[in-house]
Amino acid sequence: ETGVTQTPRHLVMGMTNKKSLKCEQHLGHNAMYWYKQSAKKPLELMFVYSLEERVENNSVPSRFSPECPNSSHLFLHLHTLQPEDSALYLCASSQQQGDYGYTFGSGTRLTVV
Amino acid sequence: QKEVEQNSGPLSVPEGAIASLNCTYSDRGSQSFFWYRQYSGKSPELIMSIYSNGDKEDGRFTAQLNKASQYVSLLIRDSQPSDSATYLCAVNRGSARQLTFGSGTQLTVLP
């Protein structure tokens with residue numbers, strides 16, 4: 001595996017379900033990010049982890065819970081989501097918090113029913 | 001004023017023409033500038049980075065940076081239908097050392 005890998009690619013979940021999104025980077029980067037992209041809207045930064053420490057949380061509802069167990073793995077735990085949370089969730093990684101740009105994973109298309 | 005501004009488009013150009021995409025930013029301390037291409041339903045892909053004033057060329061793509069005017073642009077020469085996508089401008093603000101993305105410009109290259 002190379003680059004940034006996200007699983008699953010597609011996820012349909014009910015509002016009472018609990019699920020997790022997984023991201024793994026194979027680039028030796030030291031920062032990882034979660035972004036939300038809704039239809040026709042710009043990228044929304046959700047969480048930033050640098051050296052496994054959360055350095056930014058952009059007023060994201062508590063039904064989204066990130067976890068970064070090490071510099072290569074990032075999770076987004078989901079529970080009691082709302083239909084408006086349906087979106088493309090993108091993971092990205094970088095070296096030195098973006099000095100050389102981010103590498104994005106292929107994303108998880110989430111549908112909340 | 002938005003931190004990173006782009007015309008949302010859509011921008012349409014005929015095949016073979018030059019497509020010009022523009023971006024302005026508000027933080028004078030910004031140091032790194034990037035262009036991403038995003039096809040519909042896909043994730044953004046880094047296509048150009050530029051760090052100093054002037055032009056940087058890579059194949060059919062040229063990035064231009066003018067820090068005095070706080071302006072960065074992307075030129076696509078000999079545009080192809082496969083270039084049809086949304087182009088995102090991203091800026092690394094010196095203070096936060098994180099990328100701030102513009103809302104993107106949708107480009108359509110007409111055969």
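The values are calculated or read from the model by the stated rules, or taken from the named source; none is laboratory data. Values in this document were obtained by computation on a predicted structure and should not be read as measured data. Don't worry about glycine lacking a Cβ; one is built from the backbone with ideal geometry, like all the others, and counts go over all protein chains shown.
When segment A:3-51 is filtered for residues that are of a type in the set (Gly, Ala, Ser) and modelled with pLDDT of 95 or more, only A:20 remains.
Looking only at residues of segment A:43-68 that are in contact with a Ser or Thr (Cβ under 8 Å, 6 or more places away or on another chain) and not aliphatic (A, V, I, L, M), we find that the one that is nearest to residue A:94 (Cα to Cα) is A:52. Set side by side, the residues A:84, A:24 differ, and just one is away from every other protein chain (no Cβ under 14 Å), over 11 Å from the mean Cα position of the chain (by Cα) and acidic (Asp, Glu), which is A:84. Of all residues in segment B:1-45, those satisfying the criterion of being touching a strand residue (DSSP E or B) at 6+ places or on another chain (Cβ under 7 Å), closer than 28 Å to residue A:109 by Cα and part of a loop (DSSP other than H, G, I, E, B) are B:3, B:7, B:8, B:9, B:10, B:39, B:43, B:44.
Of everything listed in (1) within 24 Å of residue B:4 (Cα to Cα); (2) more than 10 Å from the chain's Cα centre (by Cα); (3) part of a strand (DSSP E or B), the single unmet condition for residue A:36 is (2).
Quick grid of which residues meet (1) on the phi < 0 side of the Ramachandran plot; (2) among the basic types (Lys, Arg); (3) touching a Leu at 6+ places or on another chain (Cβ under 6 Å); (4) at the interface with chain A (Cβ under 10 Å from one of its Cβ atoms):
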position: B:45; (1), (2), (3), (4): yes, no, no, yes
position: B:48; (1), (2), (3), (4): yes, no, no, yes
position: B:82; (1), (2), (3), (4): yes, no, no, no
position: B:90; (1), (2), (3), (4): yes, no, yes, yes
position: B:101; (1), (2), (3), (4): yes, no, yes, yes
position: B:104; (1), (2), (3), (4): no, no, yes, yes
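Only a single criterion out of (1) out of contact with any Asp or Glu (no Cβ under 8 Å at 6 or more places or on another chain); (2) away from chain B (no Cβ under 12 Å); (3) not small (Gly, Ala, Ser) is not satisfied by residue A:63, namely (1). Checked against (1) under 25 Å from residue B:108 (Cβ atoms); (2) surrounded by fewer than 14 Cβ atoms within 10 Å (Cβ to Cβ); (3) away from chain A (no Cβ under 13 Å); (4) not aliphatic (A, V, I, L, M), residue B:61 meets all criteria but (2). Being without any contact (Cβ under 8 Å) to a residue 40 or more places away in the chain and more than 23 Å from residue B:101 (Cα to Cα) is a description that does not apply to residue A:72.
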